[in-house]
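The values are calculated or read from the model by the stated rules, or taken from the named source; none is laboratory data. Note that the structure is a prediction, hence the values are computed from the model and not measured. Heads up, the Cβs are rebuilt from the backbone with ideal geometry, glycines too, and the neighbour counts pull from every protein chain shown. For accessibility, only protein heavy atoms count, side chains too; no ligands or nucleic acids. Shrake-Rupley method; radii C 1.70, N 1.55, O 1.52, S 1.80 Å.
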Amino acid sequence: MDSSEIKVYVDVDARFVSDGRILPRAVRWEDGRWYEIDRILDVRRAASLKAGGAGVRYTVRIGRQETFLFLEESRWFVERRTAV
């Protein structure tokens, strides 16, 4: 079974710090559950090659899972894998 990535817009609880950085703290998934971001591993401008779009890409750890969280203009999204 093949899979593809799609863009899922999510709610994010973020902290805005005085030096201008935006630090995401938690993500609310489509089912309404909040997932705390344990660690921000990297922040850079990048494109989502899988789901399309570009912006600031945060590499984050939620539990044992590393994932990308994108800030595209004023909206947050993640890449969701789906069966094709």
Can you name every residue in the range 1-19 that is modelled with pLDDT under 95 and of a type outside the set (D, E, K, R)?
-> M1, S3, S4, I6, V8, Y9
What is the residue count in the range 9-34 for residues that are on the phi > 0 side of the Ramachandran plot and either in a strand (DSSP E or B) or touching a residue at least 60 places away in the same chain (Cβ under 8 Å) (or both)?
-> 0
Taking the range 1-34 only, how many residues are hydroxyl-bearing (S, T, Y), open to solvent by 50 Å² or more (accessible area, probe 1.4 Å) and farther than 21 Å from S74 by Cβ?
-> 1
Restricting attention to the range 35-61, report how many residues are part of a loop (DSSP other than H, G, I, E, B), open to solvent by 40 Å² or more (accessible area, probe 1.4 Å) and either more than 15 Å from R25 (Cβ to Cβ) or touching a residue at least 40 places away in the same chain (Cβ under 8 Å) (or both).
-> 2
Residues located in the range 62-75, provided they are open to solvent by 80 Å² or more (accessible area, probe 1.4 Å) and part of a strand (DSSP E or B) = Q65, E66, R75
